[in-house]
Amino acid sequence: MNTADLRQEYHSASLIEADVDPDPLRQFQSWLHEAVQAALPEPTAMTLATVAADGKPSARIVLLKAVDPGGFIFFTNYESRKGMELDARPAAALLFHWVELERQVRVEGVAAKVAAKESEAYFATRPLGSRIGAWASPQSRVIPNREWLEQEVAAVRERLAQHGDQPPRPPHWGGYRVAPSVIEFWQGRASRLHDRLRYRRDGFLWRLERLAP
């Protein structure tokens with residue numbers, strides 16, 4: 001197979017300055033709503049890129065759990081690779097790719113931990129198995145094998161049995177909010193002449209700019 005011959009033309013929509021919301025977070029919520037309404041698989045999936053203390057980048061898929069006026073919220077193990085990298089360098093980038101809608105959203109900003117009460121509230125909504133797993137998994141660390149992990153899950157389940165179906169949140173697990181400084185909306189167009197509108201924070205305001213495709 002020659003991957004250079006694989007091409008896709010984009011023609012489903014356009015992105016014009018007059019049609020977008022002056023607030024990029026509201027514009028994002030509008031696009032996210034359309035992705036959900038279109039029944040796309042994992043519409044909240046986003047690539048999270050971080051940078052290690054030595055300057056090496058890394059990226060992985062995480063799930064967006066909330067959007068508020070402060071930014072984009074996701075949850076993870078604070079002792080994972082991404083958590084340690086964000087502690088060392090809080091700069092972060094996000095990418096949403098909704099293939100079926102021929103759309104992308106790129107976000108650049110700074111990540112900070114959400115308040116403990118926000119993490120507590122979300123943790124309480126997770127399936128019990130996921131809450132047990134948050135205690136059992138030393139995320140991103142080398143483990144001997146799958147059996148070791150399953151034994152850890154069983155041990156944690158027994159240790160937390162006194163809490164019934166409401167185990168407490170691990171202190172090493174919680175949320176981050178990425179406060180954006182740049183948000184770019186990308187709409188695929190024919191002949192690779194895509195629409196790219198970038199919102200750039202300027203003090204308390206957002207400046208809207210069109211980028212060349």
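The values are calculated or read from the model by the stated rules, or taken from the named source; none is laboratory data. None of these values were measured; they are calculated from a predicted model. Glycine also receives a Cβ, built like all others from the backbone with ideal geometry; neighbour counts cover every protein chain displayed. For the accessible areas, the whole protein counts, side chains as well, though only heavy atoms, and no ligand, DNA or RNA atoms are used. Shrake-Rupley method; radii C 1.70, N 1.55, O 1.52, S 1.80 Å.
Computed values, structure above
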| item | result |
| --- | --- |
| Scan of the range 144-174 for residues that are of a type in the set (Gly, Ala, Ser) and in a helix (DSSP H, G or I), ordered by number | 154, 155, 161 |
| The listed residue being under 25 Å from residue 137 (Cα atoms) and open to solvent by 60 Å² or more (accessible area, probe 1.4 Å), out of 82, 65 | 65 |
| Residue in the range 92-111 that is surrounded by the fewest Cβ atoms within 10 Å (Cβ to Cβ), counting only those that are over 16 Å from residue 62 (Cα atoms) and among the aliphatic types (A, V, I, L, M) | 99 |
| Given (1) on the phi > 0 side of the Ramachandran plot; (2) surrounded by 14 or more Cβ atoms within 10 Å (Cβ to Cβ); (3) over 13 Å from the mean Cα position of the chain (by Cα), number of the condition residue 71 does not satisfy | (3) |
| Pair list, Cβ < 8 Å and 6+ apart or interchain, from the range 18-37 residues that are closer than 14 Å to residue 180 by Cβ and acidic (Asp, Glu) to residues that are open to solvent by less than 80 Å² (accessible area, probe 1.4 Å) and not in a helix (DSSP H, G or I) | 23/206 |
| Boolean, residue 74 is outside any loop (DSSP other than H, G, I, E, B), in contact (Cβ under 8 Å) with a residue 12 or more places away in the chain and closer than 16 Å to residue 110 by Cβ | yes |
| Residue 177 vs. criteria among the charged types (D, E, K, R), out of contact with any Gly (no Cβ under 8 Å at 6 or more places or on another chain) and either part of a strand (DSSP E or B) or open to solvent by 40 Å² or more (accessible area, probe 1.4 Å) (or both) | no |
| Subset of the range 85-143 (residues that are part of a loop (DSSP other than H, G, I, E, B) and under 16 Å from the mean Cα position of the chain (by Cα)) | 90, 114 |
| Scope the range 124-140; condition open to solvent by 50 Å² or more (accessible area, probe 1.4 Å) and either closer than 16 Å to residue 158 by Cβ or touching a residue at least 60 places away in the same chain (Cβ under 8 Å) (or both); matching residues | 128, 135, 139, 140 |
| Residue match in the range 43-61 (condition: touching a Gly at 6+ places or on another chain (Cβ under 7 Å), part of a loop (DSSP other than H, G, I, E, B) and either surrounded by 13 or more Cβ atoms within 10 Å (Cβ to Cβ) or at pLDDT 95 or above (or both)) | no |
| Flag for residue 181 being modelled with pLDDT of 95 or more and of a type in the set (Gly, Ala, Ser) | yes |
